[in-house]
Structures are given as structure tokens and as C-alpha cells.
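The values are calculated or read from the model by the stated rules, or taken from the named source; none is laboratory data. No experiment lies behind these values; they were computed from the predicted model shown. Every residue, glycine as well, gets a Cβ built from its backbone with ideal geometry; the counts of neighbours run over all protein chains shown.
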Amino acid sequence: MLLEVAGVSFNYPGKAVLNNVSFKVAEGEILAILGNNGAGKSTLLKCLSRNLKIKKGAVYLEGQEIFRTNLRWFAGKVGYMAQRQEVSRLTVFDAVLVGRRPHIRLDATQKDLEVVEEVLKILEMEEFALRFLDELSGGELQKVAVARLLAQEPKLLLLDEPTSNLDLRHQYEILKLLKKFARERKMTVIAILHDLNQALRFADKFLLIKDGEIVAFGDEKVLSTENIYKVYGIKALVYKINNVPVVIPQELLIDAG
Amino acid sequence: MRGKTYQSYLWQKVLFLLVLLVILNIAIVFALNAGSMKLGFWAVVKGILGKGPDALKTVIWEIRLPRVAGAVLAGIGLGLAGNVQQVLLKNPLASPFTLGISQAAAFGAAFSIIVLGAGSYQTGAEAKIYYANRYLVSLTAFIFALLTSLIVLWLGKVKKLAPEAIALAGVAIGSLWASGTTLLQYFADELKLAAVVFWSFGDLGRLGLEEVRLLGVVISLAFIYFYLNRWNYNTLITGEEGARSLGVDPNKIRFWGMLISSGIAAVITSFCGIIGFIGLLAPHMVRRVIGNDQRFLLPGAALLGGVLLLLADTFARTVISPVILPVGAVTSFLGAPLFLYLLLRGK
């Protein structure tokens with residue numbers, strides 16, 4: 001197992017956020033975290049990325065308890081993309097080059113520059129490589145964050161809503177690209193997503209959380225009418241089109257008459 | 001090929017730094033030449049190289065050079081401190097002056113002069129401040145500056161104050177120290193009061209070669225520390241939460257960076273008094289041109305800080321010569337409208 005989350009609990013003062021969360025992720029798997037607003041999805045990712053210290057339980061990466069590992073070692077293995085992107089007067093190239101931080105000793109090497117160039121090319125961002133971040137749109141900033149993560153070349157990618165701020169085409173492009181990267185380079189991905197249908201096309205496994213507790217964990221079968229109702233409180237039908245499950249909230253059908 | 005374009009883009013930044021370096025050197029020669037004794041460009045160069053008549057060497061090396069070198073070093077230090085604080089607090093308004101650190105150092109100096117009796121004012125033919133214990137003044141100034149820096153850090157970290165709010169809190173803390181200084185002054189006798197007032201003017205004339213050497217060592221060490229952390233600062237600029245998974249501990253970087261930047265601000269203030277706006281303006285102006293990449297902004301803000309303070313001091317020495325204005329008044333007088341202009345032009 002690449003990652004093992006064992007009985008993790010977390011609370012802010014006076015407010016429990018995560019309660020006894022346990023699951024395992026194997027190398028090369030893509031896991032989608034789904035849940036209601038305020039379920040603790042972002043908190044969970046922050047715990048896994050060492051941004052928040054867990055109160056109970058443990059997280060093991062390659063068998064090692066993550067809070068006991070060297071931060072630099074950890075950075076070589078785990079990349080994290082926050083929900084909100086910082087704007088500053090750095091160029092896109094420099095902002096992506098920062099992703100090489102765990103590999104940089106004294107200064108960026110030719111290899112670091114080549115990795116950044118390659119990533120920018122793959123993401124079709126070469127034209128605005130020398131533009132400043134404070135001149136970019138929200139969607140472009142999001143792509144810069146993805147590029148930085150890919151330049152880091154970690155084994156485990158933690159993504160907090162990687163497709164927010166992106167238009168429909170770019171949402172699918174980014175997810176397709178992440179999936180391609182994950183498959184080709186044996187990267188493991190854990191991503192918080194909101195769109196169930198997007199998640200179904202992207203992920204191998206699904207973790208459903210409701211108010212800090214796991215409702216279901218497993219393959220696409222866990223996205224059942226019953227579980228969706230438990231998490232979101234709305235009725236949804238799950239159809240299969242071309243053998244791919246499609247979730248349609250019943251409210252939509254009623255509105256459509 | 002994108003790589004070549006990026007390389008040429010980096011060269012542009014290097015070129016910008018070289019231009020700043022040339023400007024600084026021209027300003028140094030110009031400043032060494034400015035004064036009641038007119039020397040001329042070549043005489044100054046000769047004097048610096050240790051050639052020419054003894055009188056020339058004395059004027060250059062013993063009178064003008066400590067002041068000029070002090071101005072350059074203090075300017076470099078303030079530019080560095082302002083830049084690092086702006087990065088660490090993610091606030092373009094952060095600087096030793098706006099965070100109340102300079103005012104705290106001034107309070108510390110006043111405290112040591114008035115309460116601890118570290119200095120007084122000498123009247124008569126050679127009216128000037130004299131210090132019973134010069135290093136006690138610097139040390140107390142340093143301690144209070146550090147204390148303020150820790151308060152600022154604590155507000156951000158423990159009290160979760162937003163960066164914008166921290167700058168505002170700094171303004172409040174600064175006025176608190178200023179009022180403390182006023183109270184101390186109210187209860188001080190005339191001579192000590194005069195010493196404190198003269199101290200707080202912000203004057204590079206009191207720098208001797210010994211202080212300049214110390215400034216040189218402190219600021220060089222600080223620069224080396226900051227420059228070794230340039231990649232960590234760039235990482236922090238792209239986001240606090242992302243930084244940790246890039247192997248950078250924001251709390252640790254912020255703590256040491258604030259400690260050292262406040263430290264150099266405290267040393268400079270304790271030697272020269274309050275000099276405002278250099279720490280705010282220098283990084284701000286350079287960032288406008290070459291961006292926030294700390295590989296280049298760190299040396300850029302340092303160089304421009306040196307240029308700005310040297311020009312301000314030369315202006316202060318020559319504008320109504322033989323009267324020498326306090327440089328702190330000049331930097332604020334010229335810095336405030338310049339900063340307003342930059343703000344308005346940026347919109």
C-alpha cells in the first residue's frame with residue numbers, strides 16, 4: 001500500500017471535522033473524494049499533506065508515519081495543490097519552477113528547466129510562460145498550479161478541487177491529462193471533486209464523506225442512489241450509458257417535466 | 001525554443017542589476033565629491049585609491065567615506081529587510097518602518113538614554129550627543145525591535161490575523177511605541193531629552209568607521225542568509241500550504257526571516273536613528289520592474305536601497321549647506337509623495 005489512513009480524527013477548537021477516517025490507496029490508483037459542503041474533504045487533504053496536524057490516528061506513506069518523516073523526503077513523494085491559488089508578481093515559468101524545490105540543492109539545474117519546459121508544453125501553456133501570475137485569469141492560475149505539481153514529480157498527488165475555476169473543456173482536459181500522467185508515470189492521485197459524473201470518468205475508487213465520517217469507500221458501485229442520498233440529501237438515478245454510469249439528480253427530471 | 005527565451009529573460013534581469021550597480025557606484029563617487037571642499041571626479045577616484053596629497057586622503061577616507069559607506073550599507077540593509085518582510089507577511093506595505101519595528105528601536109534607545117543613563121547631550125562649543133555606553137543603546141534598541149517583531153509574528157500565527165490586518169496592527173504598535181517614547185521624554189531632564197530627540201532624527205553623521213564595519217558584517221551575513229533562502233521565499237510566494245509539500249516549513253522560514261530582518265533594522269536604527277520609507281520603497285520599485293522572483297529582487301532591492309539612501313543623504317548634506325539636514329526627514333519628505341505616485345500609477 002502506498003498510503004494508509006488509519007483512524008484519523010481532526011477537530012478545530014469546539015468543532016469536530018473528521019471522525020475516525022480510515023482507507024487505503026494502492027500505487028497508481030486514482031481516488032476521488034466526494035462529499036457535502038463542510039464534510040471535511042479539504043481538511044482531510046490538509047492532514048494528508050501535513051498542513052494540519054492530526055489529533056488522533058495516523059497516516060502512513062510507504063509504511064512510514066508521515067509526521068515523523070523528514071519534510072524534504074516527504075516533499076519528494078507528495079505534492080499538494082491547494083484550493084485557492086496565490087496571485088503574485090512571479091512569471092508562470094518561475095512559479096512552475098518552484099515545483100522543483102525538493103530537487104533543487106543550490107540552484108535550479110538545466111534538468112529542472114527542462115522539466116518545467118516539458119510540463120508547460122504538455123499543458124499548452126508555452127505562450128504565456130513569461131507572463132506574470134497577477135495578469136492571469138482564474139482558470140489559467142489553476143493550470144499553473146497543476147503544472148507546478150507535475151513539475152514536482154511526486155508519487156502521490158493531492159488535489160483540492162483541481163477543476164474549479166476551469167471551463168467545461170479545460171475541466172476534462174486537465175482530468176484527462178492527470179489521468180494520463182498517473183497511468184504513464186505510476187503516480188497516485190487523490191482529488192476532491194464535486195461533479196459525480198466527472199469523478200466517475202476520472203477515478204478508480206471513490207470515498208464518500210458526510211459530515212466528517214465515511215459513508216462508503218470502493219469502486220464505482222458505491223455511487224448508488226442510496227449513498228448519494230445519504231451524502232447529499234437528494235435523490236438521484238444512476239443509469240448506464242455505453243457501460244459508463246451516469247448520475248442524474250431526480251430534481252432535474254422533475255423540473256424538466 | 002522556450003528555454004532560450006527564458007534564458008534571455010533572465011539575462012534582462014541580470015542586466016537590470018548591473019545597471020543598478022553602476023548607478024550605485026556613480027552615486028558613491030558623486031557623494032564623495034559633494035561637500036564644502038570641492039574635489040572633482042578624478043581627485044575623488046585618486047583619493048579612494050589612496051593616491052594624492054594627505055589632506056585629500058584624510059577628507060575622503062576619514063570624513064566622507066564612513067558616511068557614504070554607512071549610507072550605502074544602511075540603505076542596503078533597509079531594502080533587504082523591507083523586501084523579506086514583504087515576502088514573509090505577504091504584504092507590499094510591510095517594512096521595518098510600517099511594522100513599528102523602527103519606532104520600537106527608537107523607544108529602546110530612548111529608554112536606555114533616559115532610564116538606564118546610557119547617553120546625554122553635551123552643550124558648549126562642541127554640542128553633540130555623547131554616549132556613556134553606546135552598545136547599551138544599540139542593544140536596548142535591538143531588544144525592543146525584536147519584541148515588536150515577535151508580536152507581529154504572534155498576531156499572524158496564533159491570532160490568525162490576515163496579512164492586510166498585520167500591516168494595520170504594525171501601524172498601531174508603532175504609534176504605541178512612539179507614545180511611549182513621548183512619555184519617557186516628558187519625564188526626562190533637558191540634556192537627556194535633547195539626546196533622545198537628536199538620536200531619533202535619523203542621521204548618518206554619527207557613523208564612525210567602527211560602526212560602518214559592524215554594519216558591513218551584519219548586513220553581509222544577513223544577505224547571505226536571505227540569498228540562501230531565495231528558493232524558499234519563492235516557494236512561500238506561490239502559497240503557504242503548497243510550500244510545506246515542497247519541503248519548506250513556512251513557520252520556520254518566517255520566524256528566522258523576521259528575526260534577522262528585524263535584527264538588521266534594529267542595528268541600523270540603533271546606529272542611525274529612524275530612517276523611513278527606504279525599506280518600503282526600494283523593494284516596491286524594483287518589483288515593479290523585474291517582478292517578485294527573489295533570486296533577483298533580493299539583490300535588486302538591496303542595491304536600490306543603497307542608491308536611494310545615499311542620494312537622500314547627499315541631498316540632506318548639500319541642499320542648504322553648510323547646514324546638514326537629518327536624513328530621516330529627507331527620506332520621509334521625498335519618500336511619501338514618491339510612494340503615493342507609485343500607488344496611483346499602478347492603478
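Matching residues to (1) surrounded by fewer than 23 Cβ atoms within 10 Å (Cβ to Cβ); (2) outside any loop (DSSP other than H, G, I, E, B); (3) within 11 Å of chain A (Cβ to nearest Cβ):
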{"residue": "B:212", "(1), (2), (3)": "yes, yes, no"}
{"residue": "B:218", "(1), (2), (3)": "yes, yes, no"}
{"residue": "B:226", "(1), (2), (3)": "no, yes, no"}
{"residue": "B:246", "(1), (2), (3)": "no, no, yes"}
{"residue": "B:281", "(1), (2), (3)": "no, yes, no"}
{"residue": "B:307", "(1), (2), (3)": "no, yes, no"}
{"residue": "B:311", "(1), (2), (3)": "yes, yes, no"}
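Applying the set (1) farther than 20 Å from residue B:110 by Cα; (2) surrounded by 14 or more Cβ atoms within 10 Å (Cβ to Cβ) to residue B:191 leaves exactly one unmet item: (1).
With respect to the conditions (1) within 25 Å of residue B:264 (Cβ to Cβ); (2) in a helix (DSSP H, G or I); (3) at pLDDT below 90, residue B:202 lacks only one, and its number is (2). Scanning region A:73-80 finds one or more residues that are surrounded by fewer than 24 Cβ atoms within 10 Å (Cβ to Cβ) and either in contact with a strand residue (DSSP E or B) (Cβ under 8 Å, 6 or more places away or on another chain) or in a loop (DSSP other than H, G, I, E, B) (or both).
Hey, does region A:44-54 have a residue that's over 30 Å from residue A:210 (Cβ atoms), within 11 Å of another protein chain (Cβ to nearest Cβ) and not in a loop (DSSP other than H, G, I, E, B)? The answer is no, given that none of the residues of region A:44-54 is over 30 Å from residue A:210 (Cβ atoms), within 11 Å of another protein chain (Cβ to nearest Cβ) and not in a loop (DSSP other than H, G, I, E, B).
Annotation: of all residues in region A:104-134 being in contact (Cβ under 8 Å) with a residue 40 or more places away in the chain and more than 7 Å from chain B (Cβ to nearest Cβ), the one that is nearest to residue B:229 (Cα to Cα) is A:133. Does residue A:25 satisfy being β-branched (Val, Ile, Thr), more than 11 Å from every other protein chain (Cβ to nearest Cβ), within 19 Å of residue A:210 (Cβ to Cβ) and surrounded by 18 or more Cβ atoms within 10 Å (Cβ to Cβ)? So residue A:25 does not fit the description; no.
Within region A:214-232, track down each residue that is of a type in the set (Val, Ile, Thr) and farther than 18 Å from residue A:201 by Cα.
Within region A:214-232, A:214, A:215, A:231 meet the criteria.
How many of the residues in region A:181-224 are within 15 Å of the chain's Cα centre (by Cα) and in a helix (DSSP H, G or I)? The qualifying residues number 8.
If you go through region B:248-279 and keep only what is within 14 Å of another protein chain (Cβ to nearest Cβ) and at pLDDT below 90, you end up with B:250, B:251, B:252.
Yes/no per residue for (1) among the β-branched types (Val, Ile, Thr); (2) in a loop (DSSP other than H, G, I, E, B); (3) buried (at least 24 other Cβ atoms within 10 Å of the Cβ); (4) without any contact (Cβ under 8 Å) to a residue 12 or more places away in the chain:
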residue: B:251; (1), (2), (3), (4): no, no, no, no
residue: B:254; (1), (2), (3), (4): no, no, no, no
residue: B:265; (1), (2), (3), (4): no, no, yes, no
residue: B:268; (1), (2), (3), (4): yes, no, yes, no
residue: B:296; (1), (2), (3), (4): no, no, no, no
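Going residue by residue through region B:215-222, is there one that turns out to be at pLDDT 95 or above and hydroxyl-bearing (Ser, Thr, Tyr)? Yes.
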